[in-house]
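Read through the structure below, which is laid out as structure tokens, and then see the notes.
The values are calculated or read from the model by the stated rules, or taken from the named source; none is laboratory data. Being a predicted model, the structure only gives us computed values, none of them experimental. With ideal geometry, Cβ positions are generated from the backbone for all residues, glycine too; neighbour counts draw on all protein chains shown. The area values use the complete protein model at the heavy-atom level, side chains included, leaving out ligands, DNA and RNA. Shrake-Rupley method; radii C 1.70, N 1.55, O 1.52, S 1.80 Å.
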Amino acid sequence: MKKYTRSVSQLKQVTHCGEAFAISRGFRGPKPPPRPWAQTVAGSAFHLMIVEWERSGRTKDPIDLFNAFWETELEEMKNRQPNLNLWMRPPRTKSGEAAIKNVYERFVKRDIPNYITRCLEAEWEVFKLPDGSPALEIEFEVQLGEVTVRGAIDRIQWWPKQGMVAVEDTKSGSPKQENDARQLGIYRLGAAEAYDIDLTHGRYWFTKVDRGSNWVDLTRYTRERLTEDYQKVDRIIQEDLLLPNPGENCTLCDVKPWCREMGWLKPGEEL
């Protein structure tokens, strides 16, 4: 029987809007041109900064680290889409250049200083893997029936007072979907099977609003449940059972112009 590889984010993407998933992967015709978000650039640079800062024993300057990763990630994204007019931007932001500038300043002036302060004040420490390395951006692969799921866990924490090992995933965007803990659930299984770590709880940390989500008991995410979920998602994709889900997410959807429900362009037409 053929096996398929899925990412940990595909379950959320498919269920949030099947049409956006289909368009972005070329299921509806030619793929639309890349429409990057400056937020995505900053989020990638921020994640890389966290890992390097923690691995340095928190000795390296986080702003210097962020700047280096920001330049690399921004250059890569500009190579993918050099036309900044096609970049996504929030409402009332006049240009792609302005969106890039605004996001950069937000991270350097607010998000990074806030995050570093929270880490220095926190009771947790980075969990150590059996080989002594810090549990940061650790990769895993689990086999769920015919479906292989691969991913990387942002950070596993050790909370000494509570005697708790927990997973925390850093988000740089809006907390609107903070109650969707399915990503944390697959991390629990990945940590257990790849590293023999029992994660009982998890949460997201939202840099934009400088707070964490509520802690979630992850024990409900069993291998049986996750196998059923991912096999269903795989079937939805393989059989193209992907439908639009109109709603508030449409406002900032990068493939909206080509959407059968909300768009105005045919597949392959230029924006």
## Note on the structure
Residues meeting the amide H criterion for Arg6 (H placed from the backbone, H to H distance under 5 Å, 5 or more places apart or on another chain) are Thr148, Val149, Arg150
### Accessible area (Å², per residue) of the chain, counting only protein heavy atoms and a probe of 1.4 Å
52 Å²
### Equivalent-ellipsoid semi-axes of the stretch 1-120, from the Cα gyration tensor, Å, largest first
30, 21, 13
### Summary
Within the under-11-Å Cβ sphere about Gly268, not counting Gly268, Lys/Arg +1 and Asp/Glu -1 give a net charge of +1
### Cα centre as origin, Lys/Arg/Asp/Glu Cβ charges: the stretch 212-263 dipole, Debye
60 debye
### Query
Using a Förster distance of 41 Å, how high is the FRET efficiency between Thr5 and Arg211, based on the Cβ-Cβ distance and rounded to 0.05?
0.75
### Message
Distance between the C-alpha centers of the stretch 29-69 and the stretch 163-188? Whole Å please.
### Response
18 Å
#### Entry: Derived scalar couplings ³J(HN,Hα) [the stretch 111-122; Karplus, 6.51 cos²θ - 1.76 cosθ + 1.60; whole Hz; x for Gly, Pro]
4, 5, x, 4, 5, 4, 4, 4, 5, 5, 8, 6
### Query
On full extension of the chain, what length is gained from Arg118 through Glu76, given 0.36 nm per residue of separation minus the C-alpha to C-alpha distance?
12.1 nm
### Query
Per the 1.4 Å probe, what fraction of the accessible area of the stretch 43-89, in percent, lies on carbon and sulfur atoms?
46 percent
#### Entry: Rounded FRET efficiency, nearest 0.05, which uses the C-beta distance separating Asp61 from Gln177 and R0 of 35 Å
0.60
#### Entry: Part-to-part distance (alpha-carbon centres) for the stretch 74-101 and the stretch 211-231, which is given in Å
35 Å
### Task
For the stretch 80-88, take each phi angle, set θ = phi - 60°, evaluate the Karplus expression 6.51 cos²θ - 1.76 cosθ + 1.60, and give the result in whole Hz per residue in order, putting x for glycine and proline.
5, 9, x, 7, 5, 5, 8, 5, 6
### Task
Show the residues, 5+ positions off or on another chain, whose built amide H is closer than 5 Å to the amide H of Thr170.
Trp205
